[in-house]
Amino acid sequence: MTGGQAALSSEEHEAIAAAALRSGAAVVLSAPAPGSIAEIGPDFARQIGALRSIASFAESRFKLPGSAPGGVEGPLALLFNALDVVGSGQVAAKDVAEGLQGLGFPDDVEAAAAAVVPKGARALTREDFVATVGQAASRPD
């Protein structure tokens, strides 16, 4: 961070995050405060908000009684199973939107579907769905 500005623009940060998601890579950036790494643009902030909303919904609907607090992977995997009505192991944005609507998701299902299935992707696997939503849920504010 130089002169009080973030090291990356929001566009640069989003490009790195998208490339990591597509490739399955993990990118670790370290700084004294999240805002010193990258500016967070309003679109990215909305996307993270939508993904966190999905994670909260999954926990409220699919967390198993007696399960350990915190871990969102199990509820997200169960949510994915509910969204994958044909059992193909993949969900497209349309499947996510329709499934969330049917399950009573309280927020904008179209925005949630767009947040979880990246532009240009036809569908997400269970592993990608859990990783994408889980990473957003664990991001610091």
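The table below gives the values:
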item	result
Largest to smallest accessible area among Ile54, Ile16, Ile48 [probe 1.4 Å]	Ile16, Ile48, Ile54
Zone residues, segment 41-55, relative to Glu110, backbone N less than 20 Å from point 7 Å out along Cα-to-Cβ	42-54
Nearest-20 debye value, segment 38-138 charge dipole, Cβ charges on Lys, Arg, Asp, Glu	100
Ranking by accessible area, most exposed first, for Asp107, Asp95, Asp84, Asp43 with a 1.4 Å probe	Asp43, Asp107, Asp95, Asp84
Net lengthening on full extension, Lys119/Glu12 (0.36 nm per residue, minus Cα-Cα)	36.9 nm
FRET efficiency, 1/(1 + (r/R0)^6) with R0 22 Å, evaluated for Glu73 and Arg22 via beta carbons	0.60
List Arg52, Arg22, Arg122, Arg46, ordered by accessible area with a 1.4 Å probe, largest first	Arg122, Arg22, Arg46, Arg52
Globularity ratio of segment 38-138, using Cα Rg and 2.2 N^0.38 Å	1.01
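The values are calculated or read from the model by the stated rules, or taken from the named source; none is laboratory data. Since we're looking at a predicted model, the values are computed, not measured. Glycine also receives a Cβ, built like all others from the backbone with ideal geometry; neighbour counts cover every protein chain displayed. Note: areas computed on protein heavy atoms with side chains; ligands, DNA, RNA excluded. Shrake-Rupley method; radii C 1.70, N 1.55, O 1.52, S 1.80 Å.
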